[in-house]
1. Can you spot a residue in the range 161-179 that is part of a strand (DSSP E or B) and open to solvent by 10 Å² or more (accessible area, probe 1.4 Å)?
2. F100 versus (1) open to solvent by 40 Å² or more (accessible area, probe 1.4 Å); (2) touching a helix residue (DSSP H, G or I) at 6+ places or on another chain (Cβ under 8 Å); (3) part of a helix (DSSP H, G or I); (4) touching a residue at least 60 places away in the same chain (Cβ under 8 Å): which is the lone unmet condition?
3. Name the residue that is farthest from A187 (Cα to Cα), counting only residues in the range 112-158 that are more than 15 Å from the chain's Cα centre (by Cα) and among the hydrophobic types (A, V, I, L, M, F, W, C).
4. Between a residue in the range 199-225 that is at pLDDT below 95 and any residue that is of a type in the set (K, R) and crowded, with 17+ Cβ neighbours inside 10 Å, which pairs come within a Cβ distance under 8 Å, given they are 6 or more apart or on different chains?
5. Scan (1) under 20 Å from W169 (Cβ atoms); (2) out of contact with any Ser or Thr (no Cβ under 9 Å at 6 or more places or on another chain) for the single condition G117 breaks and write down its number.
6. Output the residue which, of all residues in the range 193-233 that are of a type in the set (F, W, Y) and closer than 27 Å to K148 by Cβ, is most open to solvent (accessible area, probe 1.4 Å).
7. Name the residues in the range 127-153 that are in contact (Cβ under 8 Å) with a residue 40 or more places away in the chain and either among the polar types (S, T, N, Q) or assigned to a helix (DSSP H, G or I) (or both), would you?
8. Mind listing whichever residues of the range 111-126 are touching a helix residue (DSSP H, G or I) at 6+ places or on another chain (Cβ under 9 Å), open to solvent by less than 50 Å² (accessible area, probe 1.4 Å) and in a loop (DSSP other than H, G, I, E, B)?
Amino acid sequence: MTKKTHVEVKAPEIDVRNLADYMAASERKRRSIIEGCKFRPIARLLQHREARITVASALRKHETDPQVLKDKAESIRNKIATDDFDALTNETNADYVKQFSSVLAKVELPEAEILPGKSFPVIPVNGVNIRFSPDLLLRRKTKTNKLKRGAVMLRYAKGKGLSEATAGWQSAAILGMLGEHADEDGAEPEKALCVTIDCHTGETYPALGAAVSMFANMKAACQSIAERWPNIPPPDGAVL
């Protein structure tokens with residue numbers, strides 16, 4: 001019996017990161033992104049989960065000493081691994097944290113209370129379910145006592161920085177998605193508090209002035225994704 005390699009996601013679904021990548025991508029790359037969202041590999045994939053938790057914690061604590069992060073990176077690297085995949089995962093997460101330690105001083109977060117991130121309920125947008133899980137949440141009170149809120153999402157790719165275009169789309173998505181989820185305290189999303197951080201370069205990208213119209217374009221793109229979804233074939237060699 002042939003072993004299955006992928007699971008097909010029947011209903012159109014995409015997360016904020018991939019949606020930002022989609023908006024900044026060429027037409028050929030867009031097809032590849034949809035394919036990756038529709039057909040999920042069964043094999044374990046390398047994840048940056050521990051690195052993201054470590055970096056987010058450092059930002060919450062307003063950590064300024066890069067050595068603290070370097071030490072944490074070595075601790076992750078030296079963790080006991082049960083197999084080669086675990087060892088590679090530890091190595092990958094350690095590299096992430098070590099690289100961020102070298103650019104920590106460049107990170108400029110807005111003045112706000114920093115809270116833990118969370119996964120928001122999936123919401124449907126023009127036929128596509130969008131997943132939104134920021135790494136941190138931000139809140140502040142204006143001089144007129146109005147509550148404002150935002151969120152931080154971390155991005156990292158070994159050896160290369162995040163494109164400004166992709167970062168702009170992702171921060172616009174953060175603003176838009178917060179707008180789709182009402183806040184129990186009535187806090188309104190603020191562009192300056194909706195931030196994407198490139199953990200390779202330390203660059204911080206708040207939502208642009210055009211973020212509202214950019215998110216409208218993303219919602220329109222979701223309709224196109226929903227229409228294309230049924231016609232995207234599985235990757236070569238996939239067994240469903």
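The values are calculated or read from the model by the stated rules, or taken from the named source; none is laboratory data. From a predicted model like this one, the values you see are computed outputs, not experimental measurements. Positions of Cβ are generated from backbone atoms using ideal geometry, with glycine treated the same way; all protein chains shown enter the neighbour counts. Surface areas here come from the heavy atoms of the whole protein model, side chains and all, with no ligands, DNA or RNA. Shrake-Rupley method; radii C 1.70, N 1.55, O 1.52, S 1.80 Å.
1. No, the range 161-179 contains no residue that is part of a strand (DSSP E or B) and open to solvent by 10 Å² or more (accessible area, probe 1.4 Å).
2. Result: F100 passes all but (1).
3. Only one residue fits best here, namely V128.
4. Here the result reads none, with nothing in the range 199-225 linked to a residue that is of a type in the set (K, R) and crowded, with 17+ Cβ neighbours inside 10 Å.
5. Status for G117: all satisfied but (2).
6. Y205
7. Residues satisfying the conditions are N129, S133.
8. Passing the criteria: G117, F120.
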